[in-house]
Amino acid sequence: MRLLLIEDDDRIAGPLTEGLGRYGFTVDHARTGAAGLAGTEDAPDLVLLDLGLPDMDGLDVCRSLRARSAVPIIMITARGEEADRIVGLELGADDYLAKPFGVRELVARIRAVTRRTSGALTYPAPAHPAAPETPGPPPLGALDINRRTRQVRLAGREIPLTPREFDLLAFLADDPGTVHSRQQIMDTVWDPHFFGPTKTLDAHVAALRRKLGDPAWITTARGVGFRLTVPGDNAQGETAE
């Protein structure tokens, strides 16, 4: 597995590259955001992104990278505040690890992210290729979710989503109107053993609401979880906050 490490501090990058190498990873190292963005042209399997880069903010690197690629991104940074983690996840990072950390923890997170993202992007070959396709669920109002092509259209306009955002939206759309608990969503869309920030789900819901253009698409059942609904159909006691 080939990783791209975007980190300007050689005192961190050197030992990290060596340590990851002992676990069988090949690590390419970029010292600036611009070099990191150029390095993604070689299609690494995963990006390790520091936020404190000399030429640009790592959040801007994440935003630019996510706009053109679905490559998994783990942010590794000294910025450990909850607000920083939420912003990073909203911009499309798959995980966020605050310094200092051990190589073994990073390897565990790399493997967890890889399991989740490869499962989201890999499809088994159909048993009967010549058989007609089974139609997917009908559109929800103006929202059309194509699970075969992993495309989402709203009123005919394609909505670009990260792999995790698509998985979350598709899960909620499988049973529209039903409230799904936070734990149920995390266990299904992420992983039963996910140990990332507790606000990961909230960050992805916020990102989906923003991209769909109306927070009422995903309503919050206070103290329970979330449900997908066509705007205007909100049940009493629920909110899009």
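The values are calculated or read from the model by the stated rules, or taken from the named source; none is laboratory data. All values reported here derive from a predicted model rather than from experimental measurement. Reconstructed Cβ throughout: ideal geometry from the backbone, glycine too, with neighbour counts over all protein chains shown. For accessibility, only protein heavy atoms count, side chains too; no ligands or nucleic acids. Shrake-Rupley method; radii C 1.70, N 1.55, O 1.52, S 1.80 Å.
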Legend entry - Filtered residues of the stretch 174-187 (kept if open to solvent by 10 Å² or more (accessible area, probe 1.4 Å) and either among the hydroxyl-bearing types (S, T, Y) or not in a loop (DSSP other than H, G, I, E, B) (or both)): T178, H180, S181, R182, Q183, Q184, M186, D187
Inset, instruction - Scan the stretch 218-239 and give yes if some residue there is under 15 Å from the mean Cα position of the chain (by Cα) and modelled with pLDDT under 90, otherwise no. - result: no
Legend entry - the stretch 26-39, residues that are open to solvent by 20 Å² or more (accessible area, probe 1.4 Å) and either out of contact with any strand residue (DSSP E or B) (no Cβ under 6 Å at 6 or more places or on another chain) or free of Cβ contacts under 8 Å to residues at least 12 places away in the same chain (or both): R31, T32, A34, A35, L37, A38
Inset, instruction - Output the residues belonging to the stretch 40-83 that are closer than 20 Å to F101 by Cα, hydrophobic (A, V, I, L, M, F, W, C) and surrounded by fewer than 17 Cβ atoms within 10 Å (Cβ to Cβ). - result: A78, A83
Legend entry - Answer residue from the stretch 123-167, given it is closer than 21 Å to I73 by Cβ and open to solvent by 50 Å² or more (accessible area, probe 1.4 Å) and is modelled with the highest pLDDT among those: P160
